[in-house]
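Here's the structure we're looking at; comments come further down.
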Amino acid sequence: MEIEMKIKGLVIDPISKMPIVVLEDLQNERMLPIWIGVFEANAISLKMENVTSPRPMTHDLVINFLNQLNIAIEKIVVTDVKENTFYANIHCRQENKTIIIDSRPSDAIALSLRMDAPIFVQHDVVEKAQSLKFDENLEDSEKLKTWLESLEPNDFGKYKM
């Protein structure tokens, strides 16, 4: 079963100093933090803030290819988490043909924003993620979990590079 989610925002992990894209279900009941790279966070942030670059960035270039080839992104799905690494698929359509492409969730999310495609997460991924050890130090892991649960809308301000 898939759960539709939206991007709640981007934050910086206070422990690792890495960007986190936080997904939230449409009922605001569950959050899914996914640690991502700085470049992917920048690509997501630029689109969230409606900032256009003078030349196409990588994700914009991919969208240009898809548009020229008449390929639509129908949805993205975060499909699995193994050893603290998340996996995703991009579900595309070209005429009557369905195409599913393996992707990092961060790239899939950046593309979904550019194509207004919905974001889904497999139910079991949300369940597995609730039990992930974010850090080998349990104290830090608990601090991080508490911090994520306490985030308020103002905490998701403009992402700073």
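The values are calculated or read from the model by the stated rules, or taken from the named source; none is laboratory data. What you see is a predicted model; the values in this text were computed from it and never measured. Counting neighbours? That spans all protein chains shown, and the Cβs are built from the backbone with ideal geometry, glycine included.
Numerical summary
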read-out: Sole exception among (1) surrounded by 18 or more Cβ atoms within 10 Å (Cβ to Cβ); (2) more than 23 Å from Glu127 (Cβ to Cβ) for Asn70, by number; value: (1)
read-out: Members of the stretch 13-23 found to be in contact (Cβ under 8 Å) with a residue 12 or more places away in the chain and either surrounded by fewer than 17 Cβ atoms within 10 Å (Cβ to Cβ) or of a type in the set (Phe, Trp, Tyr) (or both), listed by number; value: Asp13, Pro14, Ile15, Ser16, Met18
read-out: In the stretch 89-116, the residues that are outside any loop (DSSP other than H, G, I, E, B), without any contact (Cβ under 8 Å) to a residue 40 or more places away in the chain and either touching a Phe, Trp or Tyr at 6+ places or on another chain (Cβ under 7 Å) or of a type in the set (D, E, K, R) (or both); value: Arg93, Lys97, Asp102
read-out: Residue count, the stretch 1-23 (criterion: closer than 19 Å to Leu111 by Cβ and not aliphatic (A, V, I, L, M)); value: 6
read-out: One residue from Lys75, Lys6 being surrounded by fewer than 17 Cβ atoms within 10 Å (Cβ to Cβ), in a strand (DSSP E or B), of a type in the set (Lys, Arg) and within 14 Å of the chain's Cα centre (by Cα); value: Lys6
read-out: Residue pairs meeting the criteria (Cβ under 9 Å; at least 6 apart or on separate chains; first closer than 17 Å to Asp116 by Cβ, in the stretch 65-87; second basic (Lys, Arg) and outside any strand (DSSP E or B)); value: Ile73/Arg114
read-out: Of all residues making up the stretch 74-116, the number that are in contact with a Lys or Arg (Cβ under 9 Å, 6 or more places away or on another chain), within 21 Å of Asn64 (Cβ to Cβ) and acidic (Asp, Glu); value: 1
read-out: Residue check for Ala88: at pLDDT 95 or above and among the hydrophobic types (A, V, I, L, M, F, W, C); value: yes
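The rows are residues; the columns are (1) within 14 Å of His123 (Cα to Cα); (2) among the charged types (D, E, K, R).
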{"site": "Gly9", "(1), (2)": "no, no"}
{"site": "Lys17", "(1), (2)": "no, yes"}
{"site": "Arg30", "(1), (2)": "yes, yes"}
{"site": "Trp35", "(1), (2)": "no, no"}
